[in-house]
2 protein chains.
Amino acid sequence: MPYDPSAFPPFAVTVDLVVLTVRKDALCVLVVRRGEPPYQGRWALPGGFVRDDEDLEAAAARELAEETGLRPHAPEGPGVHLEQLATYGAPDRDPRMRVVSVAHLVLAPDLPAPIAGGDARSARWAPTDTLLGPVDANGWDAEQAPLAFDHDRILLDGVERARSKIEYSSLATAFCPPEFTVGELRRVYEAVWGVALDPRNFHRKVTGTPGFLVPTGGTTTRQGGRPAQLFRAGGATLLNPPMLRPEI
Amino acid sequence: MPYDPSAFPPFAVTVDLVVLTVRKDALCVLVVRRGEPPYQGRWALPGGFVRDDEDLEAAAARELAEETGLRPHAPEGPGVHLEQLATYGAPDRDPRMRVVSVAHLVLAPDLPAPIAGGDARSARWAPTDTLLGPVDANGWDAEQAPLAFDHDRILLDGVERARSKIEYSSLATAFCPPEFTVGELRRVYEAVWGVALDPRNFHRKVTGTPGFLVPTGGTTTRQGGRPAQLFRAGGATLLNPPMLRPEI
DNA sequence: GCAAAAGTGTTGATCCTACACCCATGA
DNA sequence: TCATGGGTGTAGGATCAACACTTTTGC
């Protein structure tokens, strides 16, 4: 077909961010409160319009920096991980206009400082299980209401992506600070999967997988008990054999 | 921010299809020849604009029907499989305008009839390894030139998705006719992964995985040799334990 | 000493690979 | 009879779950 500008309808394109972290042994997501209609006052995933001269991943990185002050790292490095998740474009997903949203997934360590660069009054970490858990008529209040737009579905897809990727990749280290113990890494797996793991077998498994963990030589007692070795993330990105998620 | 139509730039949104099949023991992709600039005369992935009132997956299903006459099935059923792959939106990926393309992956059995509904003169099955293989200055001709736009990258992502998904899901059966033998299923794995598998261990593995294959009772000798049992795809979508891809 | 968390050893079950071997058809 | 692909048996190795046990700190 020849090029005809009237042959296609115009869309708005946005990026939405599923920013996950592990806080107090719970998987949490960054949500912001909407200040204007539609869904005014409701919690939503952070996001915004893609600019005219901007690639999708660049737009996601820009929104992440605006909301949290975080910058994505190279795929291999430690720290914040950013990847494209999926795209959502149902015709009625935004009542104002036709919007296609390219969702991205961010995995970040628990930030000791409050979220930098963002507006603390309108942004917070919400445990994912209260947002995604079964809707119980009793324990339900406005604070735990579903997210705006189709953001519940996007969050669910993001959590499921994180749950499966830590099985066969070293991505769980993205939830940890630059130096961490085996026990801290295990608590990440337990929080993301929502299961209890055997500490002894877990230790053998992760320290025995080549390229997963590199000892730094230091130790720490911040968890109490016997001092634990400190590790950094190794260069390996794919785990072979994978971590096994217990069946529920 | 209040709603302001001038606050966001308009985009065109398209769907592109990576339609894969296994023909003559080779993984092949459906490509169409472009009839107009840019990239006139070059091969490209099929695709088209998303309509104003159309969901993304519906647009992909419509394009698939227009190009091949195929219809996607429910996730559980046998036959054509359709899923979203990824979204590509570099500012310069189409010289005419700003286009964001939501790529979809289709897995189809080898079609005995030529591609129905499409234009046979301008559509063909191309082996993926000649499109993606290392660029060798000798064996390179226009017929094997890279695809238009960023379709080489999209194809590579689609092939990689198919390679990994048949490890832990029963999706390989989407490449097979409704009834098939264990040997035919094995040749699918060998074509997609590009490796040779032990027929004896493969047989034990797939017939021993609960829910993967259901015997129909019939047999066939279409491959020569001893008659082989015929199977249909079972209800299982996730394989536990997964098929193991040999390391190269 | 005692609690707590970090590690190591061991055992039996499960799964995988490799290959010997048999089975049922067409030519 | 032979070639061809289908299918079963079996032995050795790798991996895993379960759990007893030792180590090293803070209190």
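Before moving on, here are some points about what is shown:
- Top-ranked residue of the range A:216-231 - restricted to ones that are more than 7 Å from DNA strand C (Cβ to nearest atom) and touching a strand residue (DSSP E or B) at 6+ places or on another chain (Cβ under 7 Å), ranked as nearest to the other protein chains (Cβ to nearest Cβ): A:Phe231
- Any hit, the range A:208-226, residues being in a helix (DSSP H, G or I) and touching a Cys at 6+ places or on another chain (Cβ under 8 Å): no
- Under the condition of being in contact (Cβ under 8 Å) with a residue 40 or more places away in the chain and either near DNA strand D (Cβ under 9 Å from one of its atoms) or in contact with a Leu (Cβ under 7 Å, 6 or more places away or on another chain) (or both), the residues counted in the range B:186-216 number 6.
- Checking each residue in the range B:217-237 for being in contact (Cβ under 8 Å) with a residue 40 or more places away in the chain, over 21 Å from B:Leu27 (Cβ atoms) and away from DNA strand D (no atom under 11 Å from the Cβ) picks out B:Arg232, B:Gly234, B:Gly235, B:Ala236, B:Thr237.
- Residue in the range A:159-174 that is farther than 24 Å from B:Leu238 by Cα and out of contact with any Leu (no Cβ under 9 Å at 6 or more places or on another chain) present: no
- For the range A:16-48, the set of residues classified as of a type in the set (D, E, K, R) and part of a loop (DSSP other than H, G, I, E, B) consists of A:Lys24, A:Asp25, A:Arg34, A:Glu36, A:Arg42, listed by residue number.
- Any hit, the range A:14-26, residues being closer than 29 Å to B:Val50 by Cα, touching a residue at least 60 places away in the same chain (Cβ under 8 Å) and surrounded by fewer than 22 Cβ atoms within 10 Å (Cβ to Cβ): yes
- A count restricted to the range B:76-88 and to residues that are at pLDDT 85 or above and not in a strand (DSSP E or B) stands at 1.
Per-residue answers, yes or no, for (1) over 20 Å from the mean Cα position of the chain (by Cα); (2) surrounded by 15 or more Cβ atoms within 10 Å (Cβ to Cβ); (3) more than 9 Å from DNA strand C (Cβ to nearest atom):
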position: A:Ala191; (1), (2), (3): no, yes, yes
position: A:Pro199; (1), (2), (3): yes, no, no
position: A:Val206; (1), (2), (3): yes, yes, yes
position: A:Val214; (1), (2), (3): yes, no, yes
position: A:Glu247; (1), (2), (3): yes, no, yes
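- Being assigned to a helix (DSSP H, G or I) and under 15 Å from A:Phe8 (Cα atoms) is a property that B:Ala65 lacks.
- Some residue of the range A:232-245 being more than 14 Å from chain B (Cβ to nearest Cβ), more than 9 Å from DNA strand C (Cβ to nearest atom), crowded, with 20+ Cβ neighbours inside 10 Å and under 18 Å from A:His81 (Cβ atoms): yes
- Residues (modelled with pLDDT under 95 and of a type in the set (Gly, Ala, Ser)) located in the range A:1-47: A:Ser6, A:Ala7, A:Gly35, A:Gly41
- Flag for B:Phe180 being within 15 Å of DNA strand D (Cβ to nearest atom), of a type outside the set (Lys, Arg), buried (at least 17 other Cβ atoms within 10 Å of the Cβ) and closer than 27 Å to B:Ala126 by Cα: yes
- Output for the range A:158-187, where each listed residue is out of contact with any Ser or Thr (no Cβ under 8 Å at 6 or more places or on another chain) and either within 12 Å of DNA strand C (Cβ to nearest atom) or part of a loop (DSSP other than H, G, I, E, B) (or both): A:Cys176, A:Pro177, A:Pro178, A:Gly183, A:Glu184, A:Arg186, A:Arg187
- Of the residues examined, A:His73 is not one that is part of a strand (DSSP E or B) and modelled with pLDDT of 70 or more.
The values are calculated or read from the model by the stated rules, or taken from the named source; none is laboratory data. The model shown is predicted, which means the values in this text are computed figures rather than measured ones. Virtual Cβ from ideal backbone geometry, glycine too; neighbours counted across all protein chains shown.
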